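Below is one structure; the comments refer to it alone.
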Amino acid sequence: MKPTTTIIIAMLGLVQAATATIVLRYDEPRPYLSSIATQPGTSVLIPYYDEQGFRTKAFGSIPSQPPYNSAIGINGPNNSADSMRPNNDTAHMAVLMNGSVEIFHLEDLPFRAITIDLAEYSTFFSEPRTIVFEGVRESGGSVFTTFITDGIIEGGFSTDDFETFYFPPEFTNLTMLRSSSTLYAFDNVTLTIIPEPAPLVLLALPALGWCCLRRRRTA
């Protein structure tokens, strides 16, 4: 392989290397949450949850004190056989009645939504839930998709309440993922960050391309 070609491939690799896939798991305590949040058998309303550069919150401004619009909460893993909440052995998020949720990068980096685990809100709402997600595009406009859960929820020690749903390919170059659907649980949101290419790399590529063309002409 020619040296110039090797350099171009290496620099393109630098542009792609910064792309990172992360999973929002909602499992760790946070200093701005109640000390019992994410602990087994708990259910706590929260103002927001920051993880790996992303923020998960309800629509609108963040209230300064509870009840945080009664819109979104976090449930610890179940530790009781008669628990009415869904279970996957870890903490997870819950969208309450009249609730909502939005997820975005704190530095406004565009991203792609890949998968999300969904379950019914509780055994009291065990019918299938229709959940509509909107992806707000960086270039303007939105894309939409609808997921429908199976309506099967056992709670307690069951670990089969959550299902994994895949976002369509159109859910890329997003600035926000959001939903105004209510009464469901979610966890393990898989996202891929799409960073801006390094400016110096982009400036260098045309020059390297010109060098390749010149080498061909003088060969």
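The values are calculated or read from the model by the stated rules, or taken from the named source; none is laboratory data. This is a predicted model, so every value here is computed, not measured. Cβ placement follows ideal geometry from the backbone for every residue including glycine, while neighbour counts extend to all protein chains displayed.
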Of the criteria (1) in a loop (DSSP other than H, G, I, E, B); (2) modelled with pLDDT of 90 or more, which one Val23 fails: (1)
Long-range neighbours under 8 Å by Cβ, at least six apart or interchain, first residue within 24 Å of Ala113 (Cβ to Cβ) and free of Cβ contacts under 8 Å to residues at least 40 places away in the same chain within the range 145-165, second of a type in the set (A, V, I, L, M, F, W, C) and assigned to a loop (DSSP other than H, G, I, E, B): Thr145/Phe167; Thr145/Phe171; Asp160/Ile152
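Residue-by-condition table, conditions (1) modelled with pLDDT under 95; (2) among the small types (Gly, Ala, Ser); (3) surrounded by fewer than 20 Cβ atoms within 10 Å (Cβ to Cβ):
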residue: Asp150; (1), (2), (3): no, no, yes
residue: Phe157; (1), (2), (3): yes, no, yes
residue: Asp160; (1), (2), (3): yes, no, yes
residue: Pro169; (1), (2), (3): no, no, yes
residue: Thr175; (1), (2), (3): no, no, yes
residue: Ser181; (1), (2), (3): no, yes, yes
residue: Tyr184; (1), (2), (3): no, no, no
residue: Asp187; (1), (2), (3): no, no, no
Count - residues of the range 120-159 that are in a helix (DSSP H, G or I) and within 21 Å of the chain's Cα centre (by Cα): 0
Any hit, the range 193-204, residues being closer than 13 Å to Ala113 by Cα and either at pLDDT 95 or above or surrounded by 14 or more Cβ atoms within 10 Å (Cβ to Cβ) (or both): yes
Filtered residue count, the range 160-198, keeping only those that are closer than 13 Å to Phe104 by Cα and part of a strand (DSSP E or B): 11
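Would you point out the residue of the range 39-53, among those that are part of a strand (DSSP E or B) and over 12 Å from the mean Cα position of the chain (by Cα), that is surrounded by the most Cβ atoms within 10 Å (Cβ to Cβ)? Outline the logic, then answer.
The first filter runs over the range 39-53 and keeps only residues part of a strand (DSSP E or B), leaving 43-45, 48-51.
Then keep just the ones that are over 12 Å from the mean Cα position of the chain (by Cα); that gives 43-45, 48.
On the way: Ser43: 14, Val44: 19, Leu45: 21, Tyr48: 15.
Taking the candidates together, the pick is Leu45.
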